[in-house]
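Notes follow once the structure below has been shown.
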Amino acid sequence: MKTALITGITGQDGSYLADFLLKRGYFVVGLKRRTSSICTSRIDHIFNNINFKIEYFNLNDPGSFWRLLLKYRPDEVYNLAAQSHVRVSFETPEETVQSVALGTLRMLDAIRTVDPTGNQIRFYQASSSEMFGDNPNYPFNEESRLMPASPYACAKVFSHNLVRNYRESYGIHASSGILFNHESPRRGETFVTRKITMAAVKIKMGLQDKLYLGNLEAKRDWGFAGDYVKAMWLMLQQDTPDDYVISTGKAYSVQEFLECVFKYAGLDIEKYVDTDSRLFRPQEVPYLLGDSSKAKKQLGWEPKVGFEELAKMMYDSDWNLMCKQVN
Ligand code: NDP
Ligand code: GDR
């Protein structure tokens with residue numbers, strides 16, 4: 001039985017990846033940080049699985065990772081933990097860089113020391129399409145120029161480069177997935193898609209009056225998180241580690257996502273939606289579109305869920321969630 005360590009287990013991707021690996025017969029160790037309130041709703045359904053275990057860890061506490069590496073001697077490590085909110089990274093740049101950049105450095109350095117031959121442990125890094133920033137030459141592939149436009153994206157570029165550097169310097173099996181935006185019913189409620197689906201449901205139920213948004217013109221290449229965690233796993237099954245863009249190849253604006261959800265809900269955008277200048281970012285990233293030809297060819301990976309299906313899935317799930325809460 002293979003053992004996988006997942007950082008960021010309480011997050012969107014950590015929970016989908018855990019589901020995926022448990023179905024494939026892995027022993028999964030989910031690493032979570034201590035928080036003052038309970039934040040395990042995305043993994044409550046697997047808590048009693050005998051092949052699943054939770055351990056405390058913090059990206060800013062290297063000793064915690066060392067101990068877990070020595071305790072479990074994992075076959076695969078997925079580094080999904082991060083301060084992952086782009087706008088928040090302008091407010092808390094140091095915490096973001098500490099967790100995203102130095103957190104990854106600490107993990108890679110521990111792995112190369114515990115497994116100097118690079119034969120035992122395979123490492124996955126959650127790189128991001130935000131690294132392309134305001135590069136105007138889309139669609140982006142693995143060779144496109146990185147022009148990060150936030151503290152978050154700068155920190156992700158550092159980790160991305162470090163993965164390649166450790167791979168080439170020490171021969172460790174480390175791969176980066178350059179994932180474009182991926183959403184789901186488990187998406188954090190402060191990211192724009194979930195903010196919209198949740199607000200539409202609450203407005204429909206008479207529980208919210210207005211929805212305030214920032215830049216509606218921004219375009220993103222939105223996919224489904226459940227499809228994207230499979231790509232992470234596929235990367236670590238390859239003989240040779242490498243970097244891969246994971247995307248759908250179609251971009252839509254925030255306005256288009258809003259229209260899709262409000263039309264489905266039967267709501268009037270004019271009546272309920274306003275913009276708020278506080279929700280704009282000091283530097284905007286206008287257009288992110290990915291070209292995942294390499295992943296299609298080498299990993300045999302394809303996205304399954306399209307834009308409209310995703311928006312409806314999220315709205316329906318929030319509807320059911322709110323029905324349970326109000327009844
Ligand atoms: P989430 O924000 O949903 O989850 C982030 C996870 O990281 C949470 O479990 C959080 O814990 C944990 N975390 C944050 N800081 C620390 C820390 N200092 N020590 C330990 N754990 C910490 O992100 P997603 O699941 O959406 O994304 C997963 C990864 O993929 C992230 O690295 C993100 O930057 C990256 N990414 C995401 C994309 C997307 O569209 N979703 C696209 C490209 C990259 P807690 O619950 O306590 O807050
Ligand atoms: P992003 O996702 O910044 O792309 O990062 P987010 O959903 O936050 O923003 C997408 C676009 O929507 C615009 N926007 C708003 N965003 C938020 N959060 N709230 C609003 O009210 C709002 N109004 C408009 C934003 O300006 C932006 O253009 C996500 C994260 O998961 C990162 O961790 C990941 O690396 C990238 O996706 C790829």
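None of the figures in this text is laboratory data; all of them are computed from the coordinates on show. Everything quoted here is computed from the prediction, not taken from an experiment. Cβ atoms come from the backbone with ideal geometry, glycine included; neighbour counts cover every protein chain shown.
Structure notes:
- Remark: for residue pairs Lys2/Lys156; Lys23/Lys230; Lys204/Lys324; Lys195/Lys312; Lys53/Lys296, the C-alpha separation exceeds 21 Å in Lys2/Lys156; Lys53/Lys296.
- FRET efficiency, Leu321 to Glu270 (Cβ-Cβ, R0 25 Å, nearest 0.05): 0.40
- Looking at the chain, the DSSP beta bridges with both ends there are about 5 percent antiparallel.
- Among 31-38, 167-174, 179-186, 289-296, the peptide with the highest mean count of other Cβ atoms within 10 Å heads the list, and the full ranking is 179-186, 289-296, 167-174, 31-38.
- The range 203-245 residues near the modelled Lys304 label - backbone nitrogen below 14 Å, point 7 Å along Cα→Cβ: 224-231
- With Cα atoms, 0 to 90° folded angle of helix 254-265 axis to the chain main axis: 60 degrees
- Taking every DSSP bridge with both residues inside the range 134-284, close to 20 percent are antiparallel.
- Cα centroid separation - the range 45-62 against the range 138-187, whole Å: 24 Å
- Mean Cβ neighbour count within 10 Å, used as a protection proxy, ranking 44-51, 125-132, 215-222 highest first: 125-132, 215-222, 44-51
- Inter-label distance, Lys297 to Ile38: 5.0 nm, where each label sits 7 Å from its Cα along the C-beta direction.
- Derived from the Cα gyration tensor, the three semi-axes of the equivalent ellipsoid of the chain are 32, 23, 18 Å, largest first.
- Each label was represented as a point 7 Å from its Cα along the Cα-to-Cβ direction; for Glu189 and Met147 these points are 3.7 nm apart.
- Nearest 10 degrees, 0 to 90: helix 62-72 Cα axis against the chain principal axis: 70 degrees
- Model label points for Glu168 and Asp209, set 7 angstrom from Cα along the Cα-to-Cβ axis, are 5.8 nm apart.
- Helical contribution to [θ] at 222 nm, DSSP H n ≥ 4, -39,500 (n - 2.57), averaged over the chain, rounded to 500: -12000 deg cm²/dmol
- Maximal additional length on extending the Arg67-Arg281 stretch stands at 73.2 nm, based on 0.36 nm per residue less the C-alpha distance.
- Summing charges over all other residues whose Cβ lies under 14 Å from the Cβ of Phe140, with Lys and Arg as +1 and Asp and Glu as -1, gives -1.
- Theoretical gain in end-to-end length, Thr92 to Asp109 [0.36 nm per residue, Cα-Cα removed]: 3.6 nm
- Hull shadow area, averaged, the range 240-327 [alpha-carbon convex hull, nm²]: 9.2 nm²
- The long axis of helix 12-23 is offset from the longest Cα principal axis of the chain by roughly 60 degrees.
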